[in-house]
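The structure under discussion appears below in the form of structure tokens.
What follows draws every value from the coordinates through simple rules; no lab data is involved. Because the structure is predicted, anything quoted here is derived from the model rather than measured. Using ideal geometry, Cβ is built from the backbone for each residue, glycine included, and neighbour counts are taken over all protein chains shown.
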Amino acid sequence: MAREAGDIAWLLGLEPVYIARDEIELRAWSFSHQVILERDVEHYTDMPFVIGIGENTIRKAVAERFKGSLTFINLIHPSATFGFAQRELLEQGEGNIVAAGARFTSGTTVGNFCIFNQNATIAHDCIVESYVHVAPGANLSGNVHLKTGCWVGAGAVVNQGSNSQKRVVGENTVVGSGAIVIKDCEANAVYAGVPAKRIK
Ligand SMILES: CC(C)(COP(=O)(O)OP(=O)(O)OC[C@H]1O[C@@H](n2cnc3c(N)ncnc32)[C@H](O)[C@@H]1OP(=O)(O)O)[C@@H](O)C(=O)NCCC(=O)NCCS
């Protein structure tokens, strides 16, 4: 996700600096942009940061390590679109990444350090807690509540809930690619298929 985040930064007229965990990771980076080591990040505290890591638990660990010492911004691709007042709602959080073609309608609250990947669609009145990843092409059909750390796989659909009873995907749960969720999903589980069933 780091390169995708960097690409958004370039488009916004920023010059991204990438961070490698250590020398081994630094040597493995195959492109020519500026890469610094994590231990040197204290020299760059005047810059805004995002965490371009798709895996929710790792992104959360990194966020917790640097909370208070770095400034995190929301990084939003210029082609993402938002319904009335929705961008402002999202901007109440920090560290969120919204990739190319993502579409929000309105009334969705968003926590911190979420990823809305390419062409994800987030319909009205959802609640998205922190450290959530909505993978490319996934669709939240309105009144969906994604709890902390859950992952909605590529092309999956979470059918709509209602104003009084949102459709819930539990904490840290993974919804597999292409699944169609028609009932609430328990926490710490894996769901897949059409309709989605718990497989782990
Ligand atoms: C659902 C998922 C998390 C399961 O991964 P896993 O825990 O490693 O599970 P396995 O690959 O061992 O598969 C377990 C079973 O589920 C089935 N399965 C796996 N993924 C499935 C999917 N997306 N839809 C339907 N069935 C699926 C497998 O065929 C297997 O069935 P079997 O036991 O009858 O052989 C994973 O396959 C997936 O879809 N991840 C999301 C990928 C994605 O969206 N990436 C986007 C990156 S931004």
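Only one residue of PHE31, VAL190, ALA63 has its Cα farthest out toward the positive end of the dipole of the chain, where Lys and Arg carry +1 and Asp and Glu -1 on Cβ, and that residue is VAL190. Sort ASP7, ASP125 so that the residue with the fewest other Cβ atoms within 10 Å of its own Cβ comes first and the one with the most comes last. Lowest to highest Cβ neighbour count: ASP7, ASP125.
Of all the options ALA61, ALA102, ALA187, the one that moves most in a Gaussian network model of the chain with Cα springs shorter than 10 angstrom is ALA61. Footprinting exposure proxy ranking of VAL175, VAL194, VAL168, fewest other C-beta atoms within 10 angstrom first, gives VAL194, VAL168, VAL175. Annotation: extensible slack from SER79 through TRP10 equals 23.5 nm (criterion: 0.36 nm per residue apart, minus Cα-Cα distance).
Inter-label distance, VAL17 to SER164: 5.5 nm, where each label sits 7 Å from its Cα along the C-beta direction.
Averaged over residues, the count of other Cβ atoms within 10 Å places the peptides 52-58, 112-118 in the sequence 112-118, 52-58, highest first. Computed about its Cα centre, the charge dipole of the chain is approximately 840 debye, with only Lys, Arg, Asp and Glu carrying charge at their Cβ. Once the Kirkwood radius over Cα pairs is known for the range 2-72, the Stokes-Einstein relation at 20 °C and 1.002 mPa s delivers a diffusion coefficient of 167 µm²/s. By the count of neighbouring beta-carbon atoms within 10 Å, fewest first, VAL190, VAL98, VAL132 end up ordered VAL190, VAL132, VAL98.
Can you work out D for the range 134-200 in µm² s⁻¹ from Stokes-Einstein, where Rh is the Kirkwood radius over C-alpha pairs, the temperature is 37 °C and the viscosity is 0.692 mPa s? D = 296 µm²/s. The alpha carbon radius of gyration of the chain, expressed as a multiple of 2.2 N^0.38 Å, is 1.03.
Placing +1 on the Cβ of every Lys and Arg and -1 on the Cβ of every Asp and Glu, with nothing else charged, gives the range 2-72 a dipole about its Cα centre of roughly 200 debye.
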